[in-house]
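One structure below.
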Amino acid sequence: MDQTKIQKGVPEAKDALNKFKYEVANEIGVPLKQGYNGDLTSAQNGYVGGYMVKKMIEAQEKQMAGK
């Protein structure tokens with residue numbers, strides 16, 4: 001398959017998701033910073049990603065419920 005034809009997600013949302021990532025990290029106390037974050041554990045990084053997904057699912061459920 002030609003990799004140049006594969007589009008990843010919604011490119012227009014990249015900046016918003018990046019901002020959301022830092023907001024979530026701050027909220028849960030993970031010291032995520034711009035640039036290199038190799039000093040963070042995989043557990044810390046996974047927690048940020050998992051919490052982002054949790055919050056996105058909650059937002060979508062509220063939208064679907066009309067709230």
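The values are calculated or read from the model by the stated rules, or taken from the named source; none is laboratory data. All of these numbers come straight from a predicted model, not from anything done at the bench. Every residue, glycine as well, gets a Cβ built from its backbone with ideal geometry; the counts of neighbours run over all protein chains shown.
Couple of notes before you dig in:
- Breaking point among (1) at pLDDT 95 or above; (2) on the phi > 0 side of the Ramachandran plot, for residue 53: (2)
- Under the condition of being farther than 19 Å from residue 13 by Cβ and either touching a residue at least 60 places away in the same chain (Cβ under 8 Å) or surrounded by 13 or more Cβ atoms within 10 Å (Cβ to Cβ) (or both), the residues counted in region 29-49 number 6.
Residues checked against (1) at pLDDT 95 or above; (2) of a type in the set (A, V, I, L, M); (3) assigned to a helix (DSSP H, G or I):
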| residue | (1), (2), (3) |
| --- | --- |
| 15 | no, no, yes |
| 20 | yes, no, yes |
| 26 | yes, no, yes |
| 39 | yes, no, no |
| 44 | yes, no, yes |
